[in-house]
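These notes concern the structure reproduced below.
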Amino acid sequence: MPSMQFISASLGVECEYCHVAGAFDKDDKKPKQTARKMMEMMFAINKGQFEGHREVTCYSCHHGETHPVGIPIIAAGANPTAHLEPVKPSDAKGTQAADVGADARAVVDPIIDKYVAALGGAAAIQKVTSRVEKGSADLGGRTFPVDIYAQAPDKRVSIMHLPNGDSLTAYNGTVGWMSAPGHPIQWMSQAEADASRLDAELDLPLRMKNVFTDFRLLAPQRIDGREASVVLGLREGKPPVNFYFDQQSGLLVRLVRYIDTPLGLNPTQIDYADYRDSGGVKIPYRWTIARPSGQFTILVEQVQQNVPIAKEKFAQPAREAPE
């Protein structure tokens with residue numbers, strides 16, 4: 001599914017552009033056959049011209065269009081919006097990512113320490129063993145109730161109550177899954193589960209220095225008119241994660257992470273806002289999750305910490321036997 005989502009975002013299309021509705025396994029549509037040829041071409045280019053490194057992807061040519069534009073476009077008026085490319089680990093260890101070199105930890109550690117202090121301190125964070133949040137989700141102007149259950153160290157389930165049933169995203173510390181009304185359970189790939197684990201860790205601010213094997217300090221950026229320090233977190237064999245810390249408050253205001261697929265990286269940007277004290281720890285009461293397919297905002301109205309959560313909330317559903 002992450003690969004399909006990458007194609008959808010790269011070409012600006014939905015599933016039925018290539019697939020037969022209700023019969024996705026059929027090869028009746030020409031765009032599906034063409035897509036296979038395009039993937040073979042992409043793999044061949046990367047193998048033959050870039051020593052097997054994934055430098056060319058669907059998006060390199062398509063840029064959200066079904067047919068690549070072959071003629072340069074004359075920009076009208078303002079300069080085109082800058083596009084944030086993920087920094088590859090190989091680049092991050094060179095001159096492109098930072099000028100701090102071997103002293104990266106000496107520069108980054110104080111930023112992380114300030115973040116922990118701004119949240120309320122290590123002792124307060126460690127006291128939180130569970131969190132239940134209730135609020136609403138804003139999807140394009142439509143509002144739906146949301147319940148979020150988190151259990152230390154790394155379990156989390158988010159339930160959105162839709163008119164036709166519940167939409168659920170869960171990670172139980174080992175595996176992750178998603179379900180929606182009228183659709184079968186979608187099991188997360190390992191890459192998706194790795195991303196969900198970051199969201200699920202209640203004490204991630206304390207564990208950042210252990211979760212990430214290396215850090216780089218990138219050029220600062222302005223977010224909502226305020227300067228933010230940008231820290232690149234690196235993990236062996238996994239995509240980087242960008243953390244944006246408000247230079248005045250020290251709080252995390254943005255996180256950009258990527259899900260690796262055979263075709264390219266799927267980006268997710270999470271903007272955090274409206275931090276409030278809850279039991280001695282500051283947490284965001286509003287965050288916006290944005291992906292190439294769209295975005296939605298969570299608004300928290302009620303928070304309970306260190307309350308019992310039934311283990312059934314994180315119970316893994318039974319997998320359907322293959323036909």
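Values computed for the structure shown
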quantity	calculated
Members of segment 277-323 found to be in contact with a strand residue (DSSP E or B) (Cβ under 9 Å, 6 or more places away or on another chain) and of a type in the set (Ser, Thr, Tyr), listed by number	278, 285, 288, 297
Checklist (1) open to solvent by less than 60 Å² (accessible area, probe 1.4 Å); (2) polar (S, T, N, Q); (3) under 23 Å from the mean Cα position of the chain (by Cα) applied to residue 316, failing item	(1)
Residue within segment 222-231 that is among the polar types (S, T, N, Q) and assigned to a strand (DSSP E or B) present	yes
Residue in segment 213-221 that is on the phi > 0 side of the Ramachandran plot, surrounded by fewer than 19 Cβ atoms within 10 Å (Cβ to Cβ), touching a residue at least 12 places away in the same chain (Cβ under 8 Å) and touching a strand residue (DSSP E or B) at 6+ places or on another chain (Cβ under 8 Å) present	no
Failed item, numbered, when residue 195 is tested on (1) within 16 Å of the chain's Cα centre (by Cα); (2) surrounded by fewer than 19 Cβ atoms within 10 Å (Cβ to Cβ); (3) under 22 Å from residue 125 (Cα atoms); (4) not polar (S, T, N, Q)	(2)
Residue match in segment 190-197 (condition: of a type in the set (D, E, K, R) and on the phi > 0 side of the Ramachandran plot)	no
Whichever residue in segment 155-187 is over 20 Å from residue 139 (Cα atoms) and out of contact with any Phe, Trp or Tyr (no Cβ under 6 Å at 6 or more places or on another chain) and, among such residues, is surrounded by the fewest Cβ atoms within 10 Å (Cβ to Cβ)	184
Members of segment 127-180 that are of a type in the set (S, T, N, Q) and part of a loop (DSSP other than H, G, I, E, B)	129, 164, 172, 174
Residues of segment 44-63 classified as of a type outside the set (Lys, Arg) and either open to solvent by 100 Å² or more (accessible area, probe 1.4 Å) or touching a Leu at 6+ places or on another chain (Cβ under 7 Å) (or both), total	7
Any hit, segment 118-125, residues being more than 30 Å from residue 248 (Cβ to Cβ) and either touching a residue at least 24 places away in the same chain (Cβ under 8 Å) or open to solvent by less than 30 Å² (accessible area, probe 1.4 Å) (or both)	no
Neighbours by Cβ (under 6 Å, 6+ apart or cross-chain): first from segment 173-197, farther than 16 Å from residue 211 by Cβ; second at pLDDT below 90 and open to solvent by less than 20 Å² (accessible area, probe 1.4 Å)	189/2
Conditions (1) out of contact with any Gly (no Cβ under 9 Å at 6 or more places or on another chain); (2) in contact (Cβ under 8 Å) with a residue 40 or more places away in the chain; number of the one not met by residue 226	(2)
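Residue-wise test of (1) within 26 Å of residue 260 (Cβ to Cβ); (2) among the hydroxyl-bearing types (Ser, Thr, Tyr).
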{"site": "137", "(1), (2)": "no, no"}
{"site": "142", "(1), (2)": "no, no"}
{"site": "154", "(1), (2)": "yes, no"}
{"site": "189", "(1), (2)": "yes, yes"}
{"site": "195", "(1), (2)": "yes, no"}
{"site": "205", "(1), (2)": "yes, no"}
{"site": "233", "(1), (2)": "yes, no"}
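The values are calculated or read from the model by the stated rules, or taken from the named source; none is laboratory data. Here the structure is a predicted model, which means the values were calculated and not measured. So basically every Cβ, Gly included, is an ideal-geometry build from the backbone, and we count neighbours across all protein chains shown. Surface areas here come from the heavy atoms of the whole protein model, side chains and all, with no ligands, DNA or RNA. Shrake-Rupley method; radii C 1.70, N 1.55, O 1.52, S 1.80 Å.
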